[in-house]
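The structure under discussion appears below in the form of structure tokens.
No lab work stands behind these numbers, since they all come straight from the coordinates. Since the model is a prediction, treat every value here as computed from it, not as a measurement. Note that we place each Cβ from the backbone using ideal geometry, even for glycine, and neighbour counts take in every protein chain shown.
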Amino acid sequence: MLGLLTPTPDGWIDAALSNLDAVLLDHLHCELKAASNATALVARYPMFPTLVRSLSDLAREELLHVQQVFDELERRGVRAHPPGEDPYALALRRATQGDTPRAEHGALLDRLAIGALIEARSCERFKLLEKHAPTEALREWYGELFASEARHFRLFASLAEDAVGQELARKRIAQLAEREAEIVERLPLEPRVH
Ligand SMILES: [Fe+2]
Ligand SMILES: [Fe+2]
């Protein structure tokens, strides 16, 4: 799905459903990081008009998701707290270090490629939650999140192509997708989005 080279391991959905509160707590921070990553890219690359407009829209949408997740936590009586470490995002960022393409805007390419892969993996997992979450309201909500993450994956991939050209962008996303697959297979199955 969406350029991912390995499906989420079978046990993940069981781990997630065994503690949906923990998934939502992690999800809150994922949405916040998505918003702040988008604004950081706008701050760093204001010379790309399409990027400025589309990522400021994206940041707004991710902040709406923050509020939706927060509402759900409140409904469930779960208190939010600051995030612990995020081994998936950390490993993925490390996976780009050392061989970032030397092309002009190679560093931007890597940030967009990582953004695309994170959106793709969230998208895949929201699909599983859309299918298996315990209530109709949750299933519907995860369905909406699935659709927006699919759009976000396409946006990051197309911004990468705008920045460095289609060939290099696709090649690098495919290369990082291989590393992402290794990370997903290696990480323990826990009640978190990633
Ligand atoms: Fe989101
Ligand atoms: Fe997103």
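Observations
- Rg(Cα) / (2.2 N^0.38 Å) computed for the chain, rounded to two decimals: 1.00
- Residue among A177, A43, A80 with the largest mean-square fluctuation in a Gaussian network model of the chain, springs linking Cα atoms under 10 Å: A43
- ³J(HN,Hα) computed for each position of the stretch 147-160 - Karplus, 6.51 cos²θ - 1.76 cosθ + 1.60, integer Hz, glycine/proline x: 5, 6, 5, 5, 4, 5, 4, 5, 4, 4, 5, 6, 5, 5
- Among the trypsin sites (Lys or Arg not before Pro) within the stretch 104-164, not one is in coil by DSSP while having at most 15 neighbouring Cβ atoms inside 10 Å.
- For the stretch 100-178: rounded, prolate or oblate by the Cα gyration tensor [a/c cutoff 1.5]: prolate
- Expected 222 nm ellipticity per residue - DSSP helices of 4 or more, -39500 (n - 2.57), all of the chain, to 500: -26000 deg cm²/dmol
- A run of the chain free of exposed loop cleavage sites, with GluC sites (Glu not before Pro) counted only in DSSP states other than H, G, I, E and B and at most 11 other beta carbons within 10 Å, reaches its longest extent at 105-194.
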